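Enquirer: Following this message is one structure expressed as structure tokens.
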Amino acid sequence: MKDLSDYVCEEYVRPFWKGDTVLAESVFVQENALGELRPLRLAFPVRKILSVRSPDLRTAYRENRDYRVNEYGELEILREGKIPRLLWKEYRLPAFDAARDDQMASADALGAWRTGDLFADREGMRAWQLAVSYTHAESGIYDITQGKSEKFPRLLGLLREKQPVTVVSYGDSITYGWAASGMQDIRKPPHCRPYAQMIVDALAEKYGAPVGHVNCSVSGKCTDWAELDENVAGVIGAKPDLVVLAFGMNDAGVFRPEVFAEKLRGIMRKIRNACPHTEFLLISPILPNPLVAFTAGSSIRRYHREYPRALLAVERETEGAACANVTAVHELLLERKSLQDTLSNNVNHPNDFMHRVYAQVALKTLLGDAFA
């Protein structure tokens, strides 16, 4: 595996859980409330560092000057080095100022937390992240995604025959693309494409088939919006062979799992009524930050952990549909990593590394043993 400085689909969709090397895994560097820089744990204990770079992959940091690896395979940031770190007083704010767009109210109704997405003109929380490439002892701990290629006989048949295929993405801001560095509204190094586009790129490269992509996702939306005739019409009009149906991040703050599942069924029925051969890849969301709130004293995390079960129930009763359980892989990563390692905005948007995880889980679900 190469130490890349820019986006290469083949490397970015390679499952991070396979083999003994991880490419450009993200970690967040900040002082804690005591002013300490605690060691950073990666997905696996580090055996050998290949590189520690800025998140845009343009700046390389030096071992034993900027960082070192301790006896437990953790990354230690050296104070005398050049790696940026976020101070606690700039992260945990004493009062919430609704006029500022770089903070959100605290879920405990006391003060606020620093937030901020990656935009074309600013780094947001990415300013304090690193991209770490390293080797480790092989482990199957994250290899939990089931291959469900039998659920997609028509799609895979078309791809093998190199016939034209249309993929439609239908979801919220994550599936629209926030905040992958290569999304249309950002376009910054290392130009990592949003996960839905990575899926399409990977299928086209693997099978040599023409794979078109129509993204009907809209930021901030839920399934109650998605099932309206005027909104689902864009999906139907594209005559999809595969729909990547990926709501849930916003829904889970509002709708019980049973309600969410029924709304998904309604969306799928409308699409199938017009396009009976369409197959569906249902994507469960990552977990958002439970400490932040849209309204002080609440939390944006509510039903997120329960949604995979709802999606699996829909899968069991629906021919040509399968759930890609991104939530489960994220939960496992959070046993070793901080939530801030995986988010672009400290709220609910995946960073480049997690967009890659979305794509990797989706492709394993679609292709099974044929993936990578």
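Enquirer: Could you run the Karplus curve 6.51 cos²θ - 1.76 cosθ + 1.60 with θ = phi - 60° over the stretch 55-60 and give me ³J(HN,Hα) per residue in whole Hz, x for Gly and Pro?
Expert: Each residue's phi maps through the Karplus curve to give x, 7, 6, 8, 10, 9 Hz.
Enquirer: Based on the Cα gyration tensor of the stretch 13-76, what are the three equivalent ellipsoid semi-axes, each the root of five times an eigenvalue, rounded to whole Å and given largest first?
Expert: On the way: eigenvalues 85, 41, 31 Å².
Those come to 21, 14, 12 Å.
Enquirer: Straight distance only, please: which aspartates and glutamates reach the Cα of Lys48 with their own Cα at less than 15 Å, same-chain residues fewer than 8 apart left out?
Expert: Counting by Cα, and skipping residues close in sequence, Lys48 has these aspartates and glutamates nearby: Asp3, Asp20, Glu25, Glu63, Glu71, Glu74, Glu76, Glu138.
Enquirer: Now, a different point. Which ³J(HN,Hα) values, rounded to whole Hz and listed in residue order, are derived for the stretch 116-121 from phi using the Karplus coefficients 6.51, -1.76 and 1.60 in 6.51 cos²θ - 1.76 cosθ + 1.60 with θ = phi - 60°, glycine and proline given as x?
Expert: Values, residue by residue: x, 7, 6, 10, 4, 10 Hz.
Enquirer: From the phi angles alone, apply the Karplus equation (6.51, -1.76, 1.60; θ = phi - 60°) to the stretch 297-311 and give each ³J(HN,Hα) in whole Hz, x where the residue is Gly or Pro.
Expert: x, 10, 9, 7, 8, 9, 9, 4, 5, 8, 4, x, 5, 5, 5
Enquirer: Still on this structure, I have one more. Does the stretch 1-156 classify as rounded, prolate or oblate by the C-alpha gyration tensor (a ≥ b ≥ c root eigenvalues; a/c under 1.5 gives rounded; else a/b over b/c gives prolate, otherwise oblate)? Could the numbers behind the result be given before it?
Expert: Values: a/c = 1.92, a/b = 1.32, b/c = 1.45.
Because a/c hits 1.5 or more and a/b fails to exceed b/c, the stretch 1-156 counts as oblate.
Enquirer: Rounded if a/c is under 1.5, else prolate if a/b beats b/c, else oblate: with a ≥ b ≥ c from the C-alpha gyration tensor eigenvalues square-rooted, which is the stretch 132-184?
Expert: Details: a/c = 2.20, a/b = 1.22, b/c = 1.80.
Oblate shape, in that a/c is at least 1.5 and b/c is the bigger or equal ratio.
Enquirer: Can you flag which of Lys89/Lys337; Lys206/Lys270; Lys221/Lys263; Lys151/Lys221; Lys148/Lys206 are past 25 Å Cα-Cα?
Expert: Details: Lys89/Lys337 22 Å; Lys206/Lys270 31 Å; Lys221/Lys263 13 Å; Lys151/Lys221 27 Å; Lys148/Lys206 17 Å.
Result: Lys206/Lys270; Lys151/Lys221 exceed 25 Å.
Enquirer: Something else: Report, by chain and number, residues whose modeled amide H sits under 5 Å from the one on His213, excluding near sequence neighbours (fewer than 5 apart, same chain).
Expert: It is Val167, by chain and number.
Enquirer: Once R0 is set to 30 Å, what does the formula 1/(1 + (r/R0)^6) return for the Cβ-Cβ distance between Arg187 and Arg100, expressed as a FRET efficiency to the nearest 0.05? Show your work: numbers first, answer last.
Expert: Values: r = 25 Å, r/R0 = 0.84.
That gives a FRET efficiency of 0.75.
Enquirer: Next question, about the same structure. Could you list the trypsin sites (Lys or Arg not before Pro) in the stretch 176-259 that lie in coil according to DSSP, counting only those with at most 12 other Cβ atoms within 10 Å of their Cβ? Working shown, then result.
Expert: On the way: sites: Arg187, Lys206, Lys221; in loops: Arg187, Lys221.
Answer by residue number: Arg187.
Enquirer: If you average 1/r across every pair of different Cα atoms in the stretch 229-353 and take the reciprocal, what Kirkwood value do you get, in Å? Walk me through the numbers on the way to the answer.
Expert: Working: mean 1/r = 0.0643 Å⁻¹.
By the Kirkwood definition, the hydrodynamic radius is 15.6 Å.
Enquirer: Sticking with this structure for a sec: For a quick check of your reading of the filter: which GluC sites (Glu not before Pro) in the stretch 1-103 sit in a DSSP loop and have no more than 14 other Cβ atoms within 10 Å?
Expert: For GluC sites (Glu not before Pro) across the stretch 1-103 that sit outside H, G, I, E and B with at most 14 neighbouring Cβ atoms in 10 Å, the list reads Glu36, Glu71, Glu80.
Enquirer: Is any residue of the stretch 38-63 close enough, with backbone N under 12 Å, to a label point placed 7 angstrom from the Cα of Ala137 along the Cα-Cβ axis, and if so, which?
Expert: The answer is 45-47, whose backbone nitrogens lie closer than 12 Å to the label point.
Enquirer: Along the charge dipole of the stretch 111-184, Cβ charges K/R +1 and D/E -1, which of Ser133, Pro164, Ile144 sits furthest on the positive end?
Expert: Looking along the dipole axis, the top candidate is Pro164.
Enquirer: In terms of the Cα gyration tensor, with a ≥ b ≥ c the square roots of its eigenvalues, is the stretch 170-236 rounded because a/c is under 1.5, prolate because a/b exceeds b/c, or oblate?
Expert: oblate
Enquirer: Shifting gears a bit: Using 7 Å Cα-to-Cβ label points, what is the Lys48/Glu306 separation (nm, one decimal)?
Expert: If labels sit at Lys48 and Glu306, their model points lie 4.9 nm apart.
Enquirer: Also, quick follow-up: Could you work out [θ]222 nm for the chain from helices alone, using -39500 (n - 2.57) per DSSP H run of at least four and dividing by all its residues? Round to the nearest 500 deg cm²/dmol.
Expert: Values: 11 runs with 99 residues, N = 372.
The helix-only estimate for the chain comes to -7500 deg cm²/dmol at 222 nm.
Enquirer: Which aspartates and glutamates, if any, have their Cα less than 17 Å from the Cα of Lys188, not counting same-chain residues under 8 positions apart?
Expert: Straight-distance partners of Lys188: Asp6, Asp56, Asp117, Asp121, Glu123, Asp352.
Enquirer: With a 1.4 Å probe and all protein chains left in place, how much of the accessible area of the stretch 1-154 comes from carbon and sulfur atoms, in whole percent?
Expert: Working: 3680 of 7800 Å².
In the stretch 1-154, the share of accessible area belonging to carbon and sulfur is 47 percent.
Enquirer: Work out, in µm²/s and without decimals, the Stokes-Einstein translational diffusion coefficient of the chain at 37 °C, 0.692 mPa s, Rh from Kirkwood over C-alpha pairs.
Expert: This corresponds to a translational diffusion coefficient of 156 µm²/s.
Enquirer: So what's the gap between the Cα centers of the stretch 29-77 and the stretch 162-230, to the nearest angstrom?
Expert: 32 Å
Enquirer: Contact order normalised by length for the chain, with contacts defined as Cα pairs under 8 Å and 6 or more residues apart; what percent is it?
Expert: On the way: 812 pairs, mean separation 80.5, N = 372.
Once normalised by length, the contact order is 22 percent.
Enquirer: Cross-link candidates for Lys239: which aspartates and glutamates have Cα within less than 16 Å, leaving aside residues fewer than 8 places away along the same chain?
Expert: Counting by Cα, and skipping residues close in sequence, Lys239 has these aspartates and glutamates nearby: Asp229, Glu230, Glu279.
Enquirer: For Leu78 and Ala328, what is the calculated FRET efficiency with R₀ set at 35 Å and r taken between the beta-carbons, to the nearest 0.05?
Expert: On the way: r = 35 Å, r/R0 = 1.00.
With a Förster radius of 35 Å, E is 0.50.
Enquirer: Here's something else I'd like to know. State in Å² the accessible area per residue of the stretch 95-208; use a 1.4 Å probe, count heavy atoms of protein chains only, and round to the nearest integer. Walk me through the numbers on the way to the answer.
Expert: Values: 4690 Å² over 114 residues.
Normalised by residue count, the accessible surface of the stretch 95-208 is 41 Å².
The values are calculated or read from the model by the stated rules, or taken from the named source; none is laboratory data. All figures in this text were calculated on a predicted structure; none of them were measured in a lab. A quick note on method: Cβ atoms are made from the backbone with ideal geometry, for glycine too, and the neighbour counts reach across all protein chains shown. Just so you know, the surface numbers come from the protein's heavy atoms only, side chains and all, with ligands and any DNA or RNA stripped out. Shrake-Rupley method; radii C 1.70, N 1.55, O 1.52, S 1.80 Å.
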